[in-house]
Amino acid sequence: MTYVWSAAAATTGGTVLLSHGTGGCALDLSWLAEPLASAGLRVIGVDHHGNSHRGGYHAEAFARWWDRPQDLSVVLDHLADGGPVGVAGFSLGGYTAAAMLGARIDADVFGAIATRRVTVPSPPEYPTLIDELSDRIGADDIAAWISESGEDYADRRVTAGLLICPAQGQLLTSTSLRGITTPVSIWWTGEDDQTPAETNALHYASLIPGATEHCADPSAGHYVFVRDTPGADRVRSRLASAAVAFFREQLTA
């Protein structure tokens, strides 16, 4: 499913692509899309196939993270209007945004996970993930996945990125993060127990040249951006205002 929030007025302000978190949906980020559209930016969000509760879960979609940036590139192929393009994402969507700017998965690290030399927990949204994959994904498939995982899925049409509590910080190559040359704004929360800032948001920020990092709230948790937790409106409003300023600066022709 693809969603388009049209710009409030005729503008050359560009387009912002949105990527939701694991198992979520694009509408989770309406709090961000609506202010961007009101500020004159067109916003396009997708429900990533098999990784969104609106379309149903598929185990493969929870393991093949690199399919997500390709989803956004396909949408851009069909809906691009020739103007500048930015990307924003939350959690695994933060990784997705970074991948569109050039971040690459370390295939050796992914291989260790895929072959179960390294044990990682299933995501809370899909607790039976590992058992299901083990039952139906064979050695040839795993070998192909490992090869694909480390490829470059950057889309050179995208020229700015906003990462909100981005995931997968320890699974990306330092070289690829250092190679990102586009403006990047990174946001995190102080009580994030899903994508702790030290190994995720701050790791991205330490390696991406010129990236800025901001604490949205020192006492908020990971899900403040997608659930009705105490203080959520205040935290989201602050970040949305900053996102408007960031993308208007980077994308306005």
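The values are calculated or read from the model by the stated rules, or taken from the named source; none is laboratory data. Keep in mind it's a predicted model, so treat the numbers as computed, not measured. Cβ sites come from the backbone with ideal geometry, for glycine too, and all protein chains shown count toward neighbours. Accessible surface areas use protein heavy atoms only, side chains included; no ligands, DNA or RNA. Shrake-Rupley method; radii C 1.70, N 1.55, O 1.52, S 1.80 Å.
For the chain, the per residue solvent-accessible surface stands at 43 Å², with DNA, RNA and ligands left out and a 1.4 Å probe.
In this rough spin-label picture, where each label sits 7 Å from Cα along the Cβ direction, the GLU151-GLU249 distance is 3.6 nm. For region 115-253, the Stokes-Einstein estimate of translational diffusion at 10 °C and a viscosity of 1.306 mPa s comes to 92 µm²/s, using the Kirkwood hydrodynamic radius over alpha-carbon pairs.
Extension gain, VAL118-HIS49: 0.36 nm per intervening residue step, less the Cα-Cα distance, totals 22.2 nm. Figure note: HIS20, HIS53 ranked by solvent-accessible area, largest first, 1.4 Å probe, ligands and nucleic acids not counted: HIS53, HIS20. Potential lengthening of the chain between VAL74 and SER219 amounts to 48.5 nm, from the contour at 0.36 nm per residue minus the alpha-carbon distance. A Förster radius of 51 Å, combined with the Cβ-Cβ distance separating ASP108 from SER6, puts the computed FRET efficiency at roughly 0.70.
Percent antiparallel among DSSP beta bridges with both residues in region 1-131, to the nearest 5?
Numbers: 6 of 17 bridges.
The antiparallel proportion sits near 35 percent.
Legend: Rg and Dmax of the chain, from Cα coordinates, 17.2, 54 Å. Ranking GLY221, THR181, HIS78 by Cα position along the charge dipole of the chain, where only Lys, Arg, Asp and Glu carry charges on their C-beta atoms, puts THR181 farthest toward the positive end. Within the chain, the selection of entire DSSP H helices by a Cα span of 24 Å or greater along the long axis and an average Kyte-Doolittle value of at least -0.5 returns 232-251.
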